[in-house]
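Working notes for the structure below.
The values are calculated or read from the model by the stated rules, or taken from the named source; none is laboratory data. What you are looking at is a predicted structure, and each value in this text was computed from that prediction instead of being measured. Please note: Cβ atoms are built from the backbone with ideal geometry, for glycine as well, and neighbour counts cover all protein chains shown.
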Amino acid sequence: MNQEFIIIGKVVSTQGNKGEVKVLPLTDSIDRFKNIVSVFLRNNNCQTILNIEKIRIKKDMVILKLKDIENIKEAKTIVGSFLEVERKNAVKLPKNTYFIFEIIGLEVYTENNVFLGKVENVISTGSNDVYIVKGKNIKELFIPAIREVVKNVNLEKKRITINMVDGLI
């Protein structure tokens with residue numbers, strides 16, 4: 001899995017009528033937006049590079065004014081699009097930590113090789129992340145991303161191995 005780009009946010013709505021958009025950050029640090037001058041906009045497998053004219057952070061959202069998006073009509077056309085940066089420009093992570101987009105979609109197995117499902121989402125709780133795992137015959141599982149539970153993450157094999165501690169299911 002060697003993706004050239006990583007997703008840092010999703011355009012969720014327009015903001016005002018001058019072409020600004022609201023972006024839901026999909027990164028641990030909302031402040032990372034302050035240091036970027038351009039983003040790649042991915043929409044229906046098309047990718048366009050856009051320069052950032054202005055940025056504001058409002059609560060847990062990012063308000064962006066992108067060059068060449070001049071009004072609300074143009075802004076509406078990019079709602080639902082993902083914003084990406086080149087992987088080489090990504091924040092460097094410590095050992096044994098992963099980007100959320102790398103975890104979503106991985107298959108989860110117990111140490112006894114029992115398939116539990118795939119990671120559908122990741123919730124950041126502050127103290128640790130929680131992987132939401134959905135399987136065919138079981139309801140959602142909430143797997144805490146702590147060393148006692150998550151024993152191995154293998155991005156190449158798209159697989160997470162967990163220790164079934166008491167009370168997990």
- Return a yes/no flag: does region 121-129 have any residue that is at pLDDT 90 or above, surrounded by 14 or more Cβ atoms within 10 Å (Cβ to Cβ) and within 16 Å of E107 (Cβ to Cβ). no
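Each row is one residue, and each column tells you yes or no for (1) among the acidic types (D, E); (2) at pLDDT below 90; (3) within 18 Å of the chain's Cα centre (by Cα).
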position	(1), (2), (3)
I36	no, yes, yes
F40	no, no, yes
M61	no, no, yes
E74	yes, no, no
R87	no, yes, yes
- Sole miss for L83 among (1) part of a loop (DSSP other than H, G, I, E, B); (2) in the same structural domain as S13 (by TED's automatic domain parsing); (3) among the aliphatic types (A, V, I, L, M) is condition (1)
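For region 155-166, how many residues are within 13 Å of E102 (Cβ to Cβ), part of a loop (DSSP other than H, G, I, E, B) and touching a residue at least 12 places away in the same chain (Cβ under 8 Å)? Reasoning before the result, please.
Going through region 155-166, the residues within 13 Å of E102 (Cβ to Cβ) turn out to be 155-160.
Pick out the ones that are also part of a loop (DSSP other than H, G, I, E, B) and you get 155-158.
Still in the list and also touching a residue at least 12 places away in the same chain (Cβ under 8 Å): 155-156, 158.
Of the residues in region 155-166, 3 are within 13 Å of E102 (Cβ to Cβ), part of a loop (DSSP other than H, G, I, E, B) and touching a residue at least 12 places away in the same chain (Cβ under 8 Å).
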- Query: Assuming E111 fulfils every condition listed in (1) at pLDDT 90 or above; (2) in contact with a Leu (Cβ under 9 Å, 6 or more places away or on another chain) apart from one, which condition is it?
  - Reply: (2)
- Task: Quick one: which residue in S29, S13 is closer than 16 Å to K59 by Cβ, hydroxyl-bearing (S, T, Y), modelled with pLDDT of 85 or more and not assigned by TED's automatic domain parsing to the domain that holds I104?
- Result: S13
- Task: List the number of the failed condition for R147; all other conditions in (1) at pLDDT below 95; (2) outside any loop (DSSP other than H, G, I, E, B); (3) out of contact with any Lys or Arg (no Cβ under 7 Å at 6 or more places or on another chain) hold.
- Result: (2)
- Message: When you check N152 against the structure, is it part of a loop (DSSP other than H, G, I, E, B), out of contact with any Gly (no Cβ under 6 Å at 6 or more places or on another chain) and loosely packed, with under 14 Cβ neighbours inside 10 Å, yes or no?
- Response: no
- Message: Just to be sure before I move on: is K118 charged (D, E, K, R) and within 19 Å of the chain's Cα centre (by Cα) in the structure I sent?
- Response: yes
- Residues that are loosely packed, with under 14 Cβ neighbours inside 10 Å: which strands (runs of 3 or more DSSP E) entirely in region 1-67 hold 3 or more of them? 46-58
